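See below for the structure under consideration.
The values are calculated or read from the model by the stated rules, or taken from the named source; none is laboratory data. Keep in mind the model is a prediction, meaning the values are calculated, not measured. Heads up, the Cβs are rebuilt from the backbone with ideal geometry, glycines too, and the neighbour counts pull from every protein chain shown. Surface accessibility is based on the protein's heavy atoms, side chains included, excluding ligands, DNA and RNA. Shrake-Rupley method; radii C 1.70, N 1.55, O 1.52, S 1.80 Å.
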Amino acid sequence: MPTTVERAREISARLAAEYPDARCELDFSTPLELLVATVLSAQCTDARVNQVTPELFRRFPTSRDLARAERGDLEQIVRPLGFQRAKAGHLLGIGEQLTAHHDGEVPADLDALVALPGVGRKTALVVLGNAFGQPGITVDTHVTRLAGRLGLSSGSTPLRIEKDLCALVDREEWTVWSHRVILHGRRVCTARSPRCGECVLASLCPSAD
């Protein structure tokens, strides 16, 4: 019987083969664009966010532009994503704080990022991993579900799950591993009807039918 570490290594290898081109599915070209897009993706799909951000980035390309924006203009642009009042408020606050405290630049620092409005640990790790090359495992609903089903973590909080997974996955793989697991959760190991018969991880999964 393979150990959890051995299973985790084989799971990583199979996911890498299955999703060789896995990447962040939010469209961005700068750390600020990724930060904004990730904040907007709360309770919303990446595809929907990608439909809204081109106009947002065109009209408000810098932190200072966001800080000076009219709240109503921001709400109108992000309205299709839902929660537009809260999200517009977060964008204004991010613009103001980056301008006031970080010379308008997105900091490559976890503590500084989570101090920004609307930015939690998951969002900060997405930005650090994909914009700055600092590895991190982002624990969203898909990662939480698969970590439990695969027997890689029995943690009840995102931080506990993150720590369990970081101990099992090579550090340089953390960011791309998250993307692969999220893709697998969206396409195969879905919440309601997991397609175990099509899953490359079935033989390693204690929850497989």
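Looking at Phe132 and the list (1) of a type in the set (A, V, I, L, M, F, W, C); (2) in contact (Cβ under 8 Å) with a residue 12 or more places away in the chain; (3) open to solvent by less than 50 Å² (accessible area, probe 1.4 Å), which single condition is not satisfied?
The single condition Phe132 does not satisfy is (3).
Give me the residue from the stretch 106-151 that is aliphatic (A, V, I, L, M) and touching a Lys or Arg at 6+ places or on another chain (Cβ under 8 Å) and, out of that set, farthest from Gly93 (Cα to Cα).
Restricting to residues being aliphatic (A, V, I, L, M) and touching a Lys or Arg at 6+ places or on another chain (Cβ under 8 Å), the top hit is Leu150.
For Ala124, which of the numbered conditions (1) under 30 Å from Ala67 (Cα atoms); (2) touching a residue at least 24 places away in the same chain (Cβ under 8 Å) fails to hold?
The failed condition is (2).
Looking only at residues in the stretch 142-169 that are closer than 18 Å to Leu125 by Cα and hydroxyl-bearing (Ser, Thr, Tyr), which one is surrounded by the fewest Cβ atoms within 10 Å (Cβ to Cβ)?
In this case the residue turns out to be Thr157.
What's the number of the only condition in (1) open to solvent by less than 40 Å² (accessible area, probe 1.4 Å); (2) in contact with a Ser or Thr (Cβ under 7 Å, 6 or more places away or on another chain) that Cys196 fails to meet?
It fails just one condition, (2).
Hey, could you check the stretch 36-53 for residues that are open to solvent by 30 Å² or more (accessible area, probe 1.4 Å) and among the aliphatic types (A, V, I, L, M) and say which is nearest to Ala88 (Cα to Cα)?
Checked the stretch 36-53; the qualifying residue nearest to Ala88 (Cα to Cα) is Ala42.
Which numbered condition trips up Ala208, out of (1) open to solvent by 30 Å² or more (accessible area, probe 1.4 Å); (2) at pLDDT 95 or above?
(2)
Of the numbered conditions (1) outside any helix (DSSP H, G or I); (2) closer than 30 Å to Pro206 by Cβ; (3) among the small types (Gly, Ala, Ser); (4) touching a Ser or Thr at 6+ places or on another chain (Cβ under 9 Å), Gly104 satisfies every one except a single condition; which is it?
Condition (2) is where Gly104 drops out.
Say whether the condition of being surrounded by 14 or more Cβ atoms within 10 Å (Cβ to Cβ) and of a type in the set (Lys, Arg) is met by at least one residue in the stretch 17-33.
Checked the stretch 17-33: no residue is surrounded by 14 or more Cβ atoms within 10 Å (Cβ to Cβ) and of a type in the set (Lys, Arg).
Of all residues in the stretch 135-174, which are among the charged types (D, E, K, R) and without any contact (Cβ under 8 Å) to a residue 60 or more places away in the chain?
Across the stretch 135-174, the qualifying residues are Asp140, Arg145, Arg149, Arg160, Glu162, Lys163, Asp164, Arg171, Glu172.
Out of the residues in the stretch 54-97 that are under 19 Å from Asp27 (Cα atoms) and basic (Lys, Arg), which is surrounded by the fewest Cβ atoms within 10 Å (Cβ to Cβ)?
Out of the qualifying residues, it is Arg58.
Out of the stretch 153-189, which residues are part of a loop (DSSP other than H, G, I, E, B) and not β-branched (Val, Ile, Thr)?
Correct list: Ser153, Ser154, Gly155, Ser156, Ala167, Leu168, Asp170, Cys189.
Would you be able to say whether some residue in the stretch 81-100 is at pLDDT below 95 and in contact with a Phe, Trp or Tyr (Cβ under 8 Å, 6 or more places away or on another chain)?
Within the stretch 81-100 (the criterion being at pLDDT below 95 and in contact with a Phe, Trp or Tyr (Cβ under 8 Å, 6 or more places away or on another chain)), the answer is no, since none of the residues qualifies.
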